[in-house]
Amino acid sequence: MWPRLKAWLFHLLPHHALSRMVYRLSRWRGPWVPAMIAWFVRHYEVDLTEAEHAERHAYPTFNAFFVRGLRPGARPIEGDEDTLVSPADGRINQLGALEAGRLLQAKGHTYSAHALLGGDRELGRVFTRGAYCTVYLSPRDYHRVHMPCSGRLRRMMHVPGRLYTVAPFATRHIPGLFTRNERVVCLFDTAHGPLAVVLVGAINVAAIDTVWAGPVTPAPRGGIRRWDYGDRGPELVRGAEMGRFNLGSTVVVLLAEPVQWAEGLGPEVQVRMGQALGRCKAQARSQAKGRTSAS
């Protein structure tokens with residue numbers, strides 16, 4: 001009863017106003033910042049020994065701490081070029097094969113690929129019989145997002161929406177959660193066919209950045225914004241950083257081709273960036289090249 005009530009209460013909150021406030025507070029500089037970081041590390045049991053800078057005084061703002069980098073070698077990239085790796089540290093929400101273009105959010109809740117991809121039905125059809133994996137990043141996790149496989153960026157979309165929490169209780173009680181929240185959709189061509197990496201916003205996620213465009217959110221009010229890169233898009237190798245959450249959220253990875261998932265993976269399993277999730281079953285069909293460039 002209480003998780004359902006909490007989910008209902010999130011309908012009443014001023015999501016964007018609260019997130020704008022967090023955006024400002026997390027970027028303040030002041031003598032209280034190291035103490036705030038120390039409390040956060042204790043409360044969420046953050047392992048700073050993995051961080052590029054392990055000393056809390058190295059971070060001028062709370063946001064700088066939150067988007068901290070890792071020391072070299074902290075996350076080895078497993079497998080070979082046919083291996084799909086986790087894009088982030090976090091907990092698997094769901095993974096599997098799309099069924100008639102739909103993904104599982106939680107028991108009893110599904111949503112369509114085209115709704116996740118900004119309502120683009122043609123683009124959604126590309127992933128009708130593909131595979132997906134959803135990773136939830138908790139407050140304690142490393143909050144940079146990396147490439148699950150090598151690819152060239154073709155398009156990006158910013159889809160405005162609400163900012164419900166994406167905590168596990170919300171995925172069980174808010175239908176269509178990931179299609180209702182603000183998100184950034186990144187579309188790549190890869191050796192295994194089209195790939196979409198969707199960075200889903202959430203309450204208190206004050207900004208989403210990409211390595212090629214910088215801050216994408218917060219954004220001005222309006223409809224869907226689109227960027228078409230064509231052959232000018234950057235080519236990013238498997239395991240390369242592609243974006244980051246300025247406070248935590250969820251990443252959804254969509255592939256147009258099937259994946260043979262590694263044993264032992266499933267909902268609630270903890271994964272680390274670079275960990276092998278599975279192997280791509282088929283090379284991209286020649287006619288798949290450029291599909292993500294379709295408008």
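The values are calculated or read from the model by the stated rules, or taken from the named source; none is laboratory data. No experiment lies behind these values; they were computed from the predicted model shown. Glycine gets a Cβ as well: all are built from the backbone with ideal geometry, and neighbour counts include every protein chain shown.
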Exercise. Out of curiosity, is VAL85 crowded, with 21+ Cβ neighbours inside 10 Å, in contact with a Leu (Cβ under 9 Å, 6 or more places away or on another chain) and farther than 27 Å from ARG225 by Cα?
Worked result: yes
Seminar exercise, completed: Filtering the range 199-213 down to residues that are surrounded by 23 or more Cβ atoms within 10 Å (Cβ to Cβ) and part of a strand (DSSP E or B) yields LEU199, VAL200, ILE208
For this session: Give me a count of the residues in the range 158-198 that are assigned to a loop (DSSP other than H, G, I, E, B), among the small types (Gly, Ala, Ser) and either within 12 Å of the chain's Cα centre (by Cα) or under 19 Å from LEU255 (Cα atoms) (or both).
Result: 1
Exercise. Is it the case that some residue within the range 132-142 is assigned by TED's automatic domain parsing to the domain that holds PRO194, at pLDDT below 95, outside any loop (DSSP other than H, G, I, E, B) and in contact with a Phe, Trp or Tyr (Cβ under 7 Å, 6 or more places away or on another chain)?
Worked result: no
For this session: Check GLU99, GLU122 and return the single one that is without any contact (Cβ under 8 Å) to a residue 60 or more places away in the chain and in the same structural domain as THR179 (by TED's automatic domain parsing).
Result: GLU99
Seminar exercise, completed: Expected output for the range 142-170 (first residue closer than 30 Å to HIS192 by Cα, partner among the basic types (Lys, Arg) and part of a strand (DSSP E or B), Cβ below 6 Å, 6+ apart or cross-chain) is HIS143/ARG244; ARG144/ARG244; MET157/ARG226; HIS158/ARG225; VAL159/ARG183
For this session: State whether one or more residues within the range 189-198 are more than 17 Å from TYR132 (Cβ to Cβ) and among the charged types (D, E, K, R).
Result: yes
Problem set entry | Residue, nearest to ARG91 (Cα to Cα), within the range 249-278, restricted to residues that are outside any loop (DSSP other than H, G, I, E, B) and touching a Lys or Arg at 6+ places or on another chain (Cβ under 7 Å) | GLN270
Exercise. Restricting attention to the range 214-248, and to residues there that are at positive phi and in a loop (DSSP other than H, G, I, E, B), which single residue is surrounded by the fewest Cβ atoms within 10 Å (Cβ to Cβ)?
Worked result: GLY222
Exercise. Pick from the range 61-107 the residues that are in contact with a helix residue (DSSP H, G or I) (Cβ under 8 Å, 6 or more places away or on another chain), part of a strand (DSSP E or B) and of a type in the set (A, V, I, L, M, F, W, C): which of them is nearest to LEU236 (Cα to Cα)?
Worked result: LEU70
Seminar exercise, completed: Pairs returned, first residue in the range 32-45 that is within 10 Å of PHE62 (Cα to Cα), second residue that is charged (D, E, K, R), beta-carbon separation under 6 angstrom, 6 or more apart or interchain, are PRO34/ARG56; ILE37/ARG56
Exercise. What number of residues in the range 239-276 are in contact (Cβ under 8 Å) with a residue 60 or more places away in the chain, over 16 Å from VAL198 (Cβ atoms) and not basic (Lys, Arg)?
Worked result: 20
For this session: Considering only the range 228-270, state which residues are of a type in the set (Phe, Trp, Tyr) and either under 12 Å from the mean Cα position of the chain (by Cα) or not assigned by TED's automatic domain parsing to the domain that holds TYR142 (or both).
Result: PHE245
